[in-house]
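Chemist: Shown below is the structure under consideration.
The values are calculated or read from the model by the stated rules, or taken from the named source; none is laboratory data. No experiment lies behind these values; they were computed from the predicted model shown. FYI the Cβ positions are ideal-geometry reconstructions off the backbone, even for glycines, and counts take in every protein chain you see. These accessible areas exclude ligands, DNA and RNA; they are computed on the full protein's heavy atoms, side chains included. Shrake-Rupley method; radii C 1.70, N 1.55, O 1.52, S 1.80 Å.
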Amino acid sequence: MGRPKRLYPLGKYRLRTPKVVDKEKAYPVELEYTWNGQVIRKTTNVFVKVADWN
């Protein structure tokens, strides 16, 4: 007997940065979640500097 399918997606916030990071530039925060085996990313229209992101 398997586990029942989750009725809602679980996600996390991530900072979308390039490989070479500019410390003075603010980058967008995205909500990234997995649903039915697909990774879905939604923008939050919030911009944060790398030094302020944990």
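Chemist: Just the ratio, please: alpha-carbon radius of gyration of the chain over 2.2 N^0.38 Å, N its number of residues. Don't jump to the answer; show the numbers that get you there.
Modeler: On the way: Rg = 14.9 Å, N = 54, 2.2 N^0.38 = 10.0 Å.
Taking the Cα Rg and dividing by 2.2 N^0.38 Å, one obtains 1.48.
Chemist: For LYS42, list the lysines whose Cα falls under 23 Å from its own Cα; do not include residues on the same chain fewer than 8 positions away.
Modeler: LYS42 reaches LYS5, LYS12, LYS19, LYS25.
Chemist: While we're looking at this one, here's another question. Roughly speaking, to the nearest percent, how much of the chain's 1.4 Å accessible area is carbon and sulfur? All intermediate terms of the calculation are to be shown ahead of the outcome.
Modeler: Details: 2630 of 5000 Å².
Carbon with sulfur: 53 percent of the solvent-accessible area.
Chemist: If you don't mind, there's one more thing I want to ask. At R0 = 30 Å, how high is the FRET efficiency between PHE47 and TYR8 if r is their beta carbon distance? Nearest 0.05 is fine. Kindly include the intermediate steps, with their values, before the conclusion.
Modeler: Details: r = 27 Å, r/R0 = 0.91.
Efficiency, rounded to the nearest 0.05: 0.65.
Chemist: In whole percent, what relative contact order does the chain give with Cα contacts below 8 Å and a gap of six or more residues? Please list the in-between numbers first.
Modeler: Details: 75 pairs, mean separation 17.6, N = 54.
This gives 33 percent for the chain.
Chemist: For the chain, what does the accessible surface come to per residue with a 1.4 Å probe? Please give it in Å². Numbers along the way, then the final one.
Modeler: Details: 5000 Å² over 54 residues.
Each residue of the chain exposes 93 Å² on average to a 1.4 Å probe.
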